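Here is the structure we will look at.
What follows is calculated from the coordinates using simple rules that are stated; it is not laboratory data. Since the model is a prediction, treat every value here as computed from it, not as a measurement. Cβ: placed from backbone, ideal geometry, glycine included. Neighbour counts: every protein chain shown.
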Amino acid sequence: MKENIQKLVEYTARLDGDEKGEAQVFCDRFFQAFGHNGYKEAGATLEFRVKSKKTTNFADLLWGDKVLIEMKKKGAKLKSHRTQIFDYWWKLRPSQPKYSVLCNFEEFIIYDFSLQDEPLDRIGIDELPDRYTSFNFMFPQPETPIFRNNLEEATRKTASLVAAVFNSFLERGEDRIRAQRFILQAIFTMFAEDYNLLPKDIFTQILIDCQNGNGNSYDLINGLFQQMDSKIPARGGRFKDVQYFNGGLFSIPEAIELTRDELDMLRQAASRKWSKVNPAIFGTIFQKSMGTDARHAFGAHFTSELDILKIVQPTIIQPWREKIVKAKTLKEMKSLRKALASYKVLDPACGSGNFLYVAYRELKRIEMELLDKIHIEFPKSASEIGTQSIVSIKQFHGMDYNQFAVELAKVTLMLAKEISIQETQEWINTIQTGLAFQMENTLPLDNMDDNIIFADALFIDWPKANVIIGNPPYQSKNKMVKEYGIEYMNTVWDAYPEISGNADYCVYWFYKAHQNLYNGGYAGLVGTNTVTQNYSREGSLDYIVKNDGQIFNAIASQPWSGDAVVFVSIVNWKKGNFKGKKFLYVENEKKEQVEYVVANINSSLSLEIDVTSAEILNCNKKPKMVFQGQTHGNSGFLISKKKGIEILNANPNFSEVLKPFLIGRELVASVNSQPNRFVIDFTGKDVIESATYKSLFEIVKKKVQPIREKKAIDQQEKNQAALEKNEKAKTNKHHINFYNKWWLLSYGREDMLDAISKSKRYIACSRVSARPIFEFVSSRISPNDALMVFNFQDDYTFGIIQSRIHILWYQEKCSTMKGDPRYTPNTIWDTFPFPQKPTLNQIRKVSNSALTLRLKRNEMMKRHQFTLRDIYRILEEPGNNPLKDLHTALDNAVLEAYGFNRKKDILTQLLELNLKVYSNEQESIEVQAPGLPSFVQNSNEFISEDCISFL
């Protein structure tokens, strides 16, 4: 094996190191060196597509769930490409490879982003024969890799040593608060020693001296802490070069005399490399330092860094990255920088501060990316912009009801600042723009006493923040009283009467987080997966989506990465309209996470209703009542509004074939929903009859016939060529058919025209819409294929399909893995059950509510010159809204007609009704089809006159 790897090294030395020209052959040789016949034989893929919101990138190599490899040219500074490979890895969710490797033909950097942010190892190509065990995962029979920078392992060992000292203090009767204060001061001191904030090895040497009997630990350690609290430098002695730290952490320098065992354990901890301690998971010390009862009582379990990123990435990183990419002018970038400086992050259950740590680290990186972009694109403005860091840990806030957690979180953020300063300096050294970043002052420490507070988050006002993140405490409704006591729980229930007493404890954080968000603010929380069920869902996710919240990224259920034996839901949402793609991760039958790109994520975080149980209802399909509008297929059939009116004025009888032609955009986005064009429509007429409308016929003959002839000939030639190669080849004939009837629209939808011609109006909505808006349209207006047509003219049916009940069904049935939300009759209408036993009074109530909604809506639009889209965008804004009240009244009337329980999930009840109607159909039991029930004797009572008419 070593010989094969040596051959790879020798081969690589002969390469020029061209990223594009030699990367693929290098990857193939790399696989061969580890015992494969080549990358392809191993099952790896070169140039693997990685899709983002608007673009598609290509990763150099992806080997299933094992490794992602990104090659760079020889001499490239690999660490500057960390963001790129992380983004590729992140976008491969949920089937991400374990390892990610950067290589420039001279060096490898190995990452495991699910484990830690820093590289697991860096290996020069010449070192590979002796250090190939770092790539043990590359062998056909993989072995456990041996890395030199496994931060998790180092952190756990270091945390265990410090925790052992703390536990020893408690065992011998030391005051708990004093012990905690001492340990936290010692933790930061050991960290500061490794990061050169203190004279070299000063703390370690004190411990060695005490072990050797050359001093007393009480005096020497306390003396160091005293000096770290003093603004007056020592004039001489051991502490002469110790700077002022304080930051609140050293405001009460603690003194404890250590036993020999405690000295030994603390000495071992101090001798470890604290630069390899990961503060993002250092909460382990918090976990180990607390008794089991206390930890369980407050649900203080801990998160892997990957799970933290499942919240920080969509709520913080992604929105900021999108803003930076969109910013094109210096003014826009300066505005973003200003916004960064005032950006606030809140974790209302911060524990040891791990979420805040990762959020701070990523926001600092965003700041560096923005400054880099400014200096690259606007170098002449460099002096004006400057390079001083403006993101501060003072922008981060947290609270917890465990005092030690609060103090540890303060230390975690202090560590975050010091680490970020070093990372920034390293980043400066790797980039090639000459950006001279002005570093923050490392000392004195920022005082975080006002930012991270000891408090019960359920009973205090939260500081305002742009984003709220975190991992609220877990406790089921069945165990809350036992854990917290009946008195405390009664206080909670009294304070939140709107939340069911059967809801889990974490529900209160979801509820309060949404209440405290700004409009446009983001939130991401982890909760037990009961937040998607019954009472817990009502108080959390139901409340969010009913109150201007849009869930845009969620994991329905996954095992938790902490010590708790629990399954969680991870939910990210925005208060207000979210315009991007929405991602829902749901387990399939094999318990594998599958990513769905959906139009809407409902409060159950579930796709089951959409893709499994709903049945096609015969009563909805026959007679056919829902149609797609007409597809003209050629612009030659269209003429301008002005020209059309002129023709009709001259030839009134042409109105039979020259009609206003309404499209989806005009329905929702033009004042009065007016069509701007006419369509020449000879549907149902042969060529001779069509020719009697001479001037119109000549327009079509001149503009349409030549194009259709050419396309038909082209198609015929392609078909002939295909048949010559394979006599059974499948051929296309639509262009040929269009040419054979060149005077007709491509799809005139004669059945639809025949249906709506018997009524004065029909219901229409845009075929592509996140939230369909329905309106009556005059039958004298022809609908374009961008519209869906519902052949009903009664207000009752309108009320049913404009209600939230139908909208929810639409949104669920449009939830697909890819594509835009579209109204597809076979999946939506054909499965949507109407109320089966409405009373006459209930029908009147729905009808009247629907009519009132339209009349008031039209009155508002006329008064303010709004379009339907305008007024419904305002509907999405928070606060009181008369249109919102009208919709609520309609929804309530429709719910009553269905006989649905308001406290139960609407979609579940719709599905149950769907299955019941389907079952009755199979047994030939009479069912109620869409439209007015047959027992209604006077249908005219429910048919009003309002509709969109051509003006």
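List the aspartates and glutamates whose Cα lies under 15 Å from the Cα of K7, skipping any in the same chain that are fewer than 8 positions away.
D28, E106, D126, E127, D130
For K741, which aspartates and glutamates qualify as cross-link partners when the Cα separation must be under 16 Å and same-chain residues fewer than eight apart are set aside?
Qualifying aspartates and glutamates at Cα under 16 Å: D681, D686, E689, E698, E709, E750.
Hey, if you put +1 on the Cβ of every Lys and Arg and -1 on every Asp and Glu Cβ in the range 805-947, which of F866, L911, S934 ends up farthest toward the positive end of that dipole?
The residue sitting farthest along the positive end of the dipole is F866.
Taking one equal scatterer on every alpha-carbon of the chain, how large is log10 of I(q)/I(0) by Debye at q = 0.06, 0.10 1/Å?
Computed log10 I(q)/I(0) values: -0.58, -1.25.
When H806, H632 are ordered from fewest to most other Cβ atoms inside 10 Å of their Cβ, what list results?
In increasing order of surrounding Cβ atoms, one gets H806, H632.
Relative to the Cα centre, what is the charge dipole magnitude of the chain, using +1 at the beta carbon of each Lys and Arg, -1 at the beta carbon of each Asp and Glu, and rounding to the nearest 20 debye?
3620
Just going by the charge dipole of the chain, with Lys and Arg at +1 and Asp and Glu at -1 on Cβ, which of I688, N216, V594 is farthest out on the positive end?
Of the listed residues, the answer is I688.
Pairs to check: K643/K701; K323/K417; K856/K903; K364/K575; K323/K364; K20/K326. Give those whose C-alpha atoms are more than 20 Å from each other in this structure.
K323/K417; K856/K903; K364/K575; K20/K326
Looking at the square roots a ≥ b ≥ c of the eigenvalues of the Cα gyration tensor of the range 471-605, which shape do they give, rounded for a/c under 1.5, prolate if a/b is larger than b/c, or oblate?
The shape class here is oblate.
Mind sorting I311, I616 by how few other Cβ atoms lie within 10 Å of their own Cβ, fewest first?
I616, I311
How far apart, in nm, are the 7 Å Cα→Cβ label points at A722 and K621?
Inter-label distance under the simple model: 2.8 nm.
Tilt of helix 804-813 relative to the longest C-alpha principal axis of the chain, in degrees (0 to 90, nearest 10)?
70
Which value, in debye to the nearest 20, gives the size of the charge dipole of the range 2-149 about its Cα centre, when Lys and Arg are +1 and Asp and Glu are -1 at the Cβ?
So the dipole magnitude of the range 2-149 works out to roughly 620 debye.
Which pairs, out of K77/K394; K711/K758; K591/K884; K72/K310; K273/K373, put more than 31 Å between their alpha-carbon atoms?
Too far apart for the 31 Å limit: K77/K394; K711/K758; K591/K884; K273/K373.
Using Cα positions and a limit of under 16 Å, work out the aspartates and glutamates in reach of K479, with same-chain residues fewer than 8 apart set aside.
Output for K479: D293, E487, D504.
At 222 nm, what helix-only mean residue ellipticity would the chain give, in deg cm²/dmol to the nearest 500, using -39500 (n - 2.57) for each DSSP H run of four or more?
Taking each H run of at least 4 residues, the total per residue is -13000 deg cm²/dmol.
Taking Cα pairs under 8 Å and at least six residues apart, what relative contact order does the chain come out at, in percent?
8
Running Debye on the range 152-277 with equal point scatterers at the Cα sites and no solvent, what base-10 log of I(q)/I(0) appears at q = 0.09, 0.11, 0.15 Å⁻¹?
-0.22, -0.34, -0.65
Ranking request for peptides 327-337, 31-41, 359-369: highest mean number of other beta-carbon atoms within 10 Å first, then the rest in descending order.
359-369, 31-41, 327-337
Using a 7 Å offset from the Cα along the Cα-to-Cβ direction at both N653 and E877, what is the distance between the two label points in nm, to one decimal?
5.4
Between the DSSP loop rule and a limit of at most 12 other Cβ atoms within 10 Å, which chymotrypsin sites (Phe, Trp or Tyr not before Pro) in the range 535-582 are left?
Loop-located and lightly packed - none at all.
Would you mind classifying the range 710-777 by shape? Square roots of the alpha carbon gyration tensor eigenvalues, ordered a ≥ b ≥ c; an a/c under 1.5 is rounded, otherwise it is prolate if a/b is larger than b/c and oblate if not.
Cα axes put the range 710-777 in the prolate bin.
Could you give me the radius of gyration and the Dmax of the range 756-880, taking only the C-alpha atoms into account and expressing both in angstrom?
Considering the range 756-880 through its Cα atoms, Rg and Dmax are 15.1, 43 Å.
Could you work out the equivalent-ellipsoid semi-axes for the range 98-191, taking the square root of 5 times each eigenvalue of the Cα gyration tensor, largest first, in whole Å?
Taking √(5λ) for each Cα gyration eigenvalue gives 39, 14, 10 Å.
Tell me, K326, K760 in order of fewest to most beta-carbon neighbours within 10 Å?
In increasing order of surrounding Cβ atoms, one gets K326, K760.
I'd like the distance between the alpha-carbon centres of the range 736-806 and the range 9-33, rounded to an integer number of Å.
The two parts, judged by their Cα centres, are 61 Å apart.
Between I713 and S757, with labels modelled 7 Å along Cα→Cβ, what's the label distance in nm to one decimal, could you check?
3.6
Please report the relative contact order for the range 2-149, taking Cα pairs under 8 Å with a sequence separation of at least 6, and give it as a percent rounded to a whole number.
For the range 2-149, the relative contact order is 20 percent.
Taking the Cα centre as origin and putting +1 on Lys and Arg beta-carbons and -1 on Asp and Glu beta-carbons, what dipole magnitude results for the range 152-277, to the nearest 20 debye?
Computed charge dipole of the range 152-277: roughly 280 debye.
Using only the Cα atoms of the range 162-231, build the gyration tensor, take square roots of its eigenvalues as a ≥ b ≥ c, and label the shape rounded, prolate or oblate: rounded if a/c is under 1.5, else prolate if a/b is larger than b/c, else oblate.
Because a/c hits 1.5 or more and a/b exceeds b/c, the range 162-231 counts as prolate.
Report the one residue of L951, H375, F139 whose Cα lies farthest in the direction of the positive end of the charge dipole of the chain (charges on C-beta: Lys and Arg +1, Asp and Glu -1; origin at the Cα centre).
L951
Please report, to two decimal places, log10 I(q)/I(0) for the range 2-149 at q = 0.14 Å⁻¹ as given by the Debye formula with identical point scatterers on the Cα atoms and no solvent.
Ignoring solvent entirely, the Cα scatterers give -0.61.
At R0 = 51 Å, how high is the FRET efficiency between R49 and S934 if r is their beta carbon distance? Nearest 0.05 is fine.
Step by step, r from the Cβ atoms, then E = 0.40.
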